[in-house]
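The values are calculated or read from the model by the stated rules, or taken from the named source; none is laboratory data. Keep in mind the model is a prediction, meaning the values are calculated, not measured. Every residue, glycine among them, receives a Cβ derived from its backbone with ideal geometry; neighbour counts consider all protein chains shown.
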Amino acid sequence: MSFCFVEAQDKRIIKDNFESNRFQWGEFYENKGSSSIEDGFLKLDCDDDKMFSWTVAELPIDIDRNFDLTFNFYADVDDDYWFGIVYNFEDENNFNCFVVQEKRFRLINMVNGVQSISRRSGIILKGGDKDVKIVMNKKGKKLIFHVNDMEVISVTKNVTSNVFGCIVFGDETIKLTEVVMEQITEN
């Protein structure tokens, strides 16, 4: 099943495992990168170590309520490139992202096409081909980011858009195998 919707105990859970493109993830094929849905995952490729590739979709999340958003990746983790999630997406020149690489994370703001790093630090993430789970929890005005079930950082920041996605900085290919959205439905 490519899409699963469950509502129980005042919680809504939606899972997408990319057997179809129900949320209309952006697919593209360009000289320096691509995004495609194939064999039950979203494949994101960047072919230039000085560039990045990203894709986004409008997800069925009420950004005014608390939610958990889980991105399950399969990647060759190392210190040559970064990958992670895109949030607060307005357009290709204005968005935020949380990205990881071997032993490190960064929170990046893209404003009018100019990148700035707002936070960075070390994390426990060893290199190699592996599954990497990145979770963004929204609790009130706090955003809490987890990597493989370990809290990495909590920041005060508004969520301004229900358009989310994934990104890779550098010459690498990642696979997004599943996106899980959980939201409390009662007030």
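Put simply, of Asp76, Asp48 the only residue that is acidic (Asp, Glu) and touching a Lys or Arg at 6+ places or on another chain (Cβ under 7 Å) is Asp48.
Those strands (runs of 3 or more DSSP E) of the stretch 7-48 in which 3 or more residues are surrounded by 13 or more Cβ atoms within 10 Å (Cβ to Cβ) occupy 11-16, 33-38, 41-46. Given the criteria touching a Phe, Trp or Tyr at 6+ places or on another chain (Cβ under 8 Å), closer than 17 Å to Gly165 by Cα, at pLDDT below 95 and among the hydroxyl-bearing types (Ser, Thr, Tyr), does Ser34 qualify? When the stated conditions are applied, Ser34 passes them. Comparison of Val147, Val168 shows that the only residue that is surrounded by 12 or more Cβ atoms within 10 Å (Cβ to Cβ), of a type in the set (Val, Ile, Thr) and touching an Asp or Glu at 6+ places or on another chain (Cβ under 9 Å) is Val168.
For the stretch 53-72, what are the residues that are of a type outside the set (Ser, Thr, Tyr) and over 11 Å from the mean Cα position of the chain (by Cα)? Step through it out loud before you land on a result.
Just the residues of the stretch 53-72 that are of a type outside the set (Ser, Thr, Tyr), to begin with: 54, 56-69, 71-72.
Matches in the stretch 53-72: Glu58, Leu59, Pro60, Ile61, Asp62, Ile63, Asp64, Arg65, Asn66, Phe67, Asp68.
Go over the candidates Ile144, Ile85, Ile167, Ile123 one by one and state the one that is without any contact (Cβ under 8 Å) to a residue 24 or more places away in the chain and not aromatic (Phe, Trp, Tyr).
After applying the criteria, what remains is Ile144.
In the set (1) outside any strand (DSSP E or B); (2) modelled with pLDDT of 95 or more, the condition left unmet by Asp80 is number (2). A count restricted to the stretch 32-64 and to residues that are more than 19 Å from Asn21 (Cα to Cα) and β-branched (Val, Ile, Thr) stands at 1.
So that you can scan it fast, the table gives a plain yes or no per residue for (1) under 16 Å from the mean Cα position of the chain (by Cα); (2) modelled with pLDDT of 95 or more:
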| site | (1), (2) |
| --- | --- |
| Asn17 | yes, no |
| Asn21 | no, no |
| Tyr74 | yes, yes |
| Tyr87 | yes, yes |
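When the criteria are applied in full, Arg22 fails the requirement of being of a type in the set (Lys, Arg) and under 21 Å from Leu143 (Cβ atoms). If I filter the stretch 171-185 down to residues being closer than 21 Å to Glu38 by Cα and of a type in the set (Ser, Thr, Tyr), which single residue comes out as surrounded by the most Cβ atoms within 10 Å (Cβ to Cβ)? Across the stretch 171-185, the extreme among qualifying residues is Thr173.
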